[in-house]
Structures are given as structure tokens and as C-alpha cells.
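**Student:** Would you mind keeping the following structure in view while I ask a few things?
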Amino acid sequence: MSNIKFTMRDSGLQRAFAEMQNNTEITQNDVDKLLDAANDGGRITDLEKNELNWLLYKHSDKFTGDAKQKMASALGFSSGESIPMPSVYIRDNKLSAAVGEALADENVSRGDLQKIIDAANDGGSITRHERGELLMVLNRVGDKMDAGARAELAQTLGVEIPQETAPLKDVSDLRGNVYDIKDLASFNEALRTDLGAARDELVGHPSLSDDQKADRMFEFFKPYGKRFATLAEKEGAQTGKAARAEVLSTLKEVGFDAMLTKDSDKDGLNAATEIMRGTNPEQFTMIADAKTWTTTYWPMAGNSRNPDGDVKSNLWASGGALDKLDQLSNARGNESGAKALEFERKPALNWLIGENNNKGHYIPDSKLKETDAEVTTGVDFDGDGRITSGVKADFLDAQGNFAATNSRHSFVPKLGDEVLTRKMEDVDGQKVVNYFKQDGTKLTTEEKREVILTNARSDGKASETMDVGWWGSCDKVALAGILFEDPKRDVTLDGVTFTKQDIRGLLTVVADSQSIGSDFVGNRYDNKPDILVTKDGRQISGKLETNDVEFRTNDMWRWSGDYMVLNEVDKEVKFRDFATGEVETFNASDIKHLAREDKKDMEPSLWADTLEEWLGSGRAMANDHDSGDHVWNSNIWKAERAEIDAPYNTNVEELRGHHGEINNPDNVKFFETDVYMDGSDWPKTYRYWVETDPSSGKAVNSGWISKNPDFLWRPKGFNNWAGTNSRNPYVTPSLVKEIYEASIK
């Protein structure tokens, strides 16, 4: 019996089949290897199934009995059933249709062939990809063509009447030892040497199509690319970027252009680039030049159990990053500049009493209480120069929002409804605030405990609370993770040791000063009041109490960023007026406008396009992944997108998105995007749908299936350590630069 001659289009199957090409039969063990190779991605794809079907069809007589039965069963054929000719698997839809029509007859004539060639030539020329498809047609079904048609197709392709491809060397036998390459400086030369030795076998074989050459070249290069990615992660983003450009130049120089242009996932990155960056060439991937990092969000709030703070999570902590920076300034004789910690520990909420120029980044407690205003906020509301337990101040309104004043004197002391007079008195050398009734009577100690510092801008009560434990510097951390490399080691300068975490904290403090402007996409959700406008001119801010009002209609329009506005309401609604607290019922005919802030304002198609554009330029970005009024910024360094099936029980016709109801369910596709944030290799998954205009290919509507992000932003540029630092003027960029650069060498 003769050898088995057959060429697989799938590179994994071709590698497995290469081991049996010189055999005279295909055994059950061979079938097991082929099925394992086809199932390497967790399932057998349509292309892999088609390839195995063709092998069984063309060489059924080469299979042993048990091997044939196992392969037939795997392909869905019953035992003893004759194997029909498979379809010719062609990616180009027009060409596929022409081939299918021609093969409907028993014999492919020259007229049928002309239709096939015309389908391939529909763009004015036959592309490299279309040529590969035609060559595959000639190999697979050339025996179905009459002699003239077969000869004409061979002539069109510039090949001899094809014979099955002779056995090829496995690419693994052509490589050198990639682990002998120890750094990026020697990588390019080692690769050039190995490529030169393997070039003829990889790109000079006359029987391989361009696609097959590209597949073999990629399989050859894959271990080199993975080794490159490992070395680049160790040596840093900038070194890796420059070395990657050299490698791409070498690949082109030695004739590996096919791999340079191969982009099977259509994400704009060729296969060689993707493998060197550590991404999957078969997965639509967007990736920044450098992997980002993160750390704690450096909460402003402390707690009574640890007034000194935690050096790993509080920038104002004793013994932390800013305390050490002061120690370094003192060690270098700059005593006047050693005030970074003092500045940081100023109350962050001093602006509540109008002291905007005397505030830092410290809040004593994660829960603000009007009944214990000074202890929980750190603000000296009564002006006696110290923080006193039990002081009641009305700094939150009835909705729990801040009600700031121009100064502490704007707070009016009251006992019940009686306005009091405040006097600062000296008692044993200490300032003491005392209050007096309108008849001049001084309040007793017990009465003084019931005094409320009322606020004309608020509700006159001292009963509200606010959680601020989430307040911190997550936006600055996200920015630092984009602008700077993650510190690699501790640094000691003039006897002061800064840990990696200390250095991350310093980078967080200077990040804003080193960002030149910003790009921003989306609108921040602020939990703003609903708005109702009546036809007689009333405008009411409050809360829509009727839950089943549908805002996502085709008549909805958008206003002031993320408000959805309805001109027509089809039912009566109940609306709570925040000014009075009363709930009023309005007839539909009385309503002119009804508006609500959109918690899903970030349009999925815009979000996806921005990811592609920004990461495609090699730059990371920040993503507020909390769609509510809290802000949680994380930086995105990589994203992978895939089209998915509609979720179970989804009625596509009833979808409503950013622009209301869909126009045509046939134009709706569903997607899943995995985003990799804060340097993590574990993604967060977003799911959404997009409706496109088939004539332009542009999105006309889209909506979220999963929870949605709020907005995206990124710095426009880097200030190169210049300028001053307004966040904390005692943390100078030049000094942080010295510490940082020592940590990444």
C-alpha cells in the first residue's frame, strides 16, 4: 500500500497527522491522536470536523476497521454508513456559495469554474486568502472537475496539477532551545540564526498555501514569542517595546511577512506581536504597551481604635510614606520642607466651614455623625481650637448631602427653636465656647449638650449620618498605575528606607501633578434628583415614586449629560417633592417633561469602541466600575472581546437600549468583553448587545446585559516630573522621582 498523502488546513491537526503521513494505514491509536488534536480548545470546531471528514472521505480505505468506526462515530456517522463527500469549508461567503452550487452537479464544468473564479475575483483581483481557498478546492475536489476545468484552475493559480503534499518536517524539529536566550539584548540575534536555518522548510515549500505557511511560521515562532514575553515582563515596558520592534523587523527581513500580516481575530494586531505581548492570537484582544498595577485606595478615614493609621493603607499614618519623606527632608537639612505628614493630616472636611485653603486628606472616622460632628469629621465647628466630643452641627441636608457654609460663623446655635448667642471665653488660659439665651441666661452644662449649630442651607436638624469609608484616592492610584511602573524593590536614602508600598503611596500623591490633561468618555452618575415639569410651568426636584414608567422609548431624549427626558407620559405618576417631602399625584395630561438620571448612561457601543481605540494606541485607561454614585476607579490594561449567543429566554424584539427600542432584531448581535484591571490576570466580564446599520456598519443602539461601568478616562500625557504638587505641596515630584527611579533599576 502507498503512503497516505493529505494536507490539513488546521495547524494542530497537521502536526498530529505529520506523524502518520509515512504510514500505510491509519490505526485506532492514530484516530485518538487526531481527535485529541482537534479537541485542544475544549471542543472540535466546524473547521476541524470538516478536515477530519475529508480525511475519512478521501482515504477511507486506509483506515483499519476499528479506526474507521471510531472516526465515523466521532463525526456523527452510524456504523456501516457510507461516508458522503463533505462540504468544502470556505470562509468567504460568496466564494463558498459558488463552490457549493458547482458541486451540486456530478461534474464541475469550465462554466461552473468560471463562476467560482468570478466569485473570488469580485474585488478586482484574487486576494492571497482567496487564492489559498481556491488551491484547497483544487486539492480537495479537483477529481470532480472535467479535465479542462481542472487544468484552467491550475493555470489560474500558477501551479501544476496538484499531487498531495509530501511529508513535511515537524516545526518543533526546526527550532533551537529558546531557554538558552537569557535576555532581550541577545534575543533578536538568536532568533535570526534559528530562522535562517528553518526558513526553506517553513516558507520555501512549493506545495504550501500562504495560509499554511503562515500557520507553520507561527507554530515555529510561538515558543520564541512566549520567551520574549517572559523576558519583557522582567525588563520593563519600554525595553520590551523597543525589542519587539527589532524582532518584527527581523521577521520581515528573513521572509516571514505572512506571519506579520496574519490577524485571524481581526483585532488589528498580527500574530507575532500578540504572542510577544502575551495575548492569544485567536482571541480579539486589545492591550496596552505596559501592564498596569494597583494598591490600596488609601482611605482618608481612620477609626478610633487606631488614631495613628495603618502604614500600608493610610497616607497620613505615623511611620508611613509621608512620615518617611519628612525624615528624608530633615536628614538633608530641609526642615522647612518636612511638613508632608502635617499637611496630609489636616481635616479633609474643613471646607464645610469655608476653610478651603486649610484642608488636607484626613477624616477621623468612616461614619460622619451630625450628633458628634467634630470627633467624626475632624472639623472645629465651634471654633474653640480643639476637637470636642458631642458637638452637634447640621452639615448634612435631609437627603444626606453636604450643606457647606462660607465660614463657621454661618452656623447658628439653637436650643430647640431659640436662637442663642455664642461667646468665646478664657477659662484658665483655655478658650471655651459658651452659649446664652435671648434673656442673657448662660446655658447649663446639660443644656449646652443639646445645642445644635444649625445651617440655613440645611434642614436645621442634627440627625443625619454619612458613610465615607469608601473615600480615598482610587482615581490617583489608577492614574499612578498608568503613568508609572510598579516599584520593584525597597529603597534606602540617607538612612531612610522606603518600602515598595511606601513608594506606591508617594506615586499616588504626585500622580495628578504628572498628568497633562485627561480624556473622558461617559458621564458620572451622581444620584441626582428626578425632575418633573408641569405644563403650567412648575419644576419640581424629587423622586418619582411610580416604578413602572418606561424611559427607554424612541421618544426619549437626553439632557445635561446623563438625564433621560420624556415629553409624553402615558399614565398618572406619584412624585415626591424634596423641598416639602410631600408626595403629589400628577395626571399624564398635566406633565410637560419627566426626567431621570440614567444609571446605565455609558453606551455599550461607545464603551467598546473606546476600549479598542485607546488600548489599540498602546495606552491603558481608568474605568469607574461602579455604576452608582460611589466612584471606584480601576485601570484597564487589556481587554478581550467575543461575539456570543443571545442569553437564554431573551426576546430580541423587546430589547431597549441607550436610544430606546431597537429597529430591527436581525441587526442585533451580542458580545462579551473581558477586561483585565489593576495588573490582574483575572478578568471582569461585561455583556451587552449592539444594533448596527447594515448599510454603514455603525452602531445605532446598544444596551447592557450585565452590570455596567460608569465612565472611562485616561491622562493625555506625562509631565516628566516637572511642576509643583498642589495635592500636597511638601511632596515634591523631583524627590519622588529620585526614590522611584532607584526602585525600578
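FYI, it's all coordinate maths here, none of it is from the lab. Everything numeric in this text was worked out from a predicted model, so none of it was measured. Glycine also receives a Cβ, built like all others from the backbone with ideal geometry; neighbour counts cover every protein chain displayed.
**Student:** For the chain, what does -39500 (n - 2.57) per DSSP helix run (n ≥ 4), summed and divided by total residues, give at 222 nm, in deg cm²/dmol to the nearest 500?
**Tutor:** Details: 21 runs with 234 residues, N = 745.
Rounded to the nearest 500, the figure is -9500 deg cm²/dmol.
**Student:** Follow-up. For the range 171-278, what class follows from the C-alpha gyration tensor (a ≥ b ≥ c being the square roots of its eigenvalues): rounded when a/c is under 1.5, otherwise prolate if a/b is larger than b/c, else oblate?
**Tutor:** oblate
**Student:** Could you work out how much longer the chain between ASP105 and SER734 gets when fully extended? Use 0.36 nm per residue separation minus the Cα distance between them, nm to one decimal.
**Tutor:** 218.6 nm
**Student:** So how do 194-203, 315-324 stack up, highest first, on mean other-Cβ count within 10 Å? Before the final figure, lay out each step's value.
**Tutor:** Numbers: 194-203: 17.6, 315-324: 23.4.
In decreasing order of mean packing, 194-203, 315-324 become 315-324, 194-203.
**Student:** Suppose each label sits 7 Å from its Cα in the direction of the beta carbon; what would the GLU19-ASN358 distance come out to in nanometres?
**Tutor:** Here the answer is 8.0 nm between the modelled labels.
**Student:** Oh, and also: Compute the distance in nm between two label points, each set 7 Å from the Cα along the Cα-to-Cβ direction, one at LYS592 and one at SER318.
**Tutor:** 6.2 nm
**Student:** Follow-up question, since we're still on this one. Distance in nm between label sites at ARG449 and SER695, each 7 Å beyond Cα in the beta-carbon direction?
**Tutor:** 7.7 nm
**Student:** Once amide H atoms are placed 1.01 Å from N in the peptide plane, what residues at a sequence separation of 5 or more from ILE363, or on another chain, have their amide H within under 5 Å of its amide H?
**Tutor:** ALA301, GLY302, ALA348
**Student:** Return the long-range amide H neighbours of SER473 (sequence gap of 5 or more, or a different chain), with a cut-off of under 5 Å between placed amide H atoms.
**Tutor:** Sorted by chain and number, the residues that satisfy this are TRP298.
**Student:** Sorted by average packing, counted as other Cβ atoms within 10 angstrom per residue and highest first, what order do 116-127, 45-56, 62-73 take?
**Tutor:** Highest-to-lowest ranking by the protection proxy: 45-56, 62-73, 116-127.
**Student:** Sticking with this structure for a sec: Listed highest first by mean packing, meaning other Cβ atoms within 10 Å per residue, what order do 433-442, 216-225 come in? If you can, show how the numbers build up before the last one.
**Tutor:** Numbers: 433-442: 12.4, 216-225: 22.5.
Listed from highest to lowest mean packing, they are 216-225, 433-442.
**Student:** By a straight-distance test (C-alpha under 17 Å), which lysines pair with LYS600 as possible cross-link partners, with residues fewer than eight away in the same chain excluded?
**Tutor:** List returned: LYS528, LYS707.
**Student:** Further question: Express the relative contact order of the range 11-75 as a whole percentage, based on alpha carbon pairs under 8 Å and six or more residues apart in sequence.
**Tutor:** 41 percent
**Student:** Let me ask something else. Residues with amide H under 5 Å of VAL412's amide H, sequence separation 5 or more or different chain, H placed in the peptide plane at 1.01 Å from N; which?
**Tutor:** Amide H to amide H, under 5 Å and 5 or more residues apart or across chains, VAL412 pairs with THR454, ASN455, ALA456.
**Student:** Around ASP645, what is the net charge, scoring Lys/Arg as +1 and Asp/Glu as -1 over all other residues with Cβ under 12 Å from its Cβ?
**Tutor:** Values: positive: LYS669, ARG687; negative: GLU643, GLU672.
Local net charge: 0.
**Student:** Using Cβ contacts closer than 10 Å as the measure, can you line up ARG150, ARG538 from fewest to most?
**Tutor:** Listed from fewest to most nearby Cβ atoms, that is ARG538, ARG150.
**Student:** Neighbour counts of other C-beta atoms within 10 Å: give me LYS600, LYS312 arranged from fewest to most. Numbers along the way, then the final one.
**Tutor:** Values: LYS600 20, LYS312 16.
Fewest to most other Cβ atoms nearby, the residues stand as LYS312, LYS600.
**Student:** With +1 on the Cβ of every Lys and Arg and -1 on the Cβ of every Asp and Glu, and nothing else charged, how large is the dipole of the chain about its Cα centre, in debye rounded to the nearest 20? The partial results should precede the final answer.
**Tutor:** Numbers: 93 positive and 128 negative charges, 365 e Å.
Roughly 1760 debye, rounded to the nearest 20.
**Student:** Right, here's the next one. Please report the antiparallel percentage of the DSSP beta bridges confined to the chain, to the nearest 5.
**Tutor:** About 95 percent, rounded to the nearest 5.
**Student:** Something else now. What ranking of ASP475, ASP394, ASP426 emerges when the number of other C-beta atoms within 10 Å of each C-beta is taken as an exposure proxy, fewest first?
**Tutor:** ASP426, ASP475, ASP394
**Student:** Per residue of the range 720-729, in order, report the coupling 6.51 cos²θ - 1.76 cosθ + 1.60 (Karplus, θ = phi - 60°) as ³J(HN,Hα) in whole Hz, putting x for Gly and Pro.
**Tutor:** With the stated coefficients, the range 720-729 comes to 6, 6, 8, x, 9, 10, 5, 4, 8, x Hz.
**Student:** A further question follows. Given contacts defined as C-alpha pairs under 8 Å and at least six residues apart, what's the relative contact order of the chain, whole-number percent?
**Tutor:** Result for the chain is 10 percent.
**Student:** Could you list, bin by bin from short to long, the percent of Cα-Cα pairs of the range 11-75 in 5 Å steps?
**Tutor:** P(r) for the range 11-75, in whole percents per bin: 4, 19, 33, 29, 12, 2, 0.
**Student:** Using only the Cα atoms of the range 93-157, build the gyration tensor, take square roots of its eigenvalues as a ≥ b ≥ c, and label the shape rounded, prolate or oblate: rounded if a/c is under 1.5, else prolate if a/b is larger than b/c, else oblate. Kindly include the intermediate steps, with their values, before the conclusion.
**Tutor:** On the way: a/c = 1.66, a/b = 1.36, b/c = 1.23.
Prolate, since a/c reaches 1.5 and a/b exceeds b/c.
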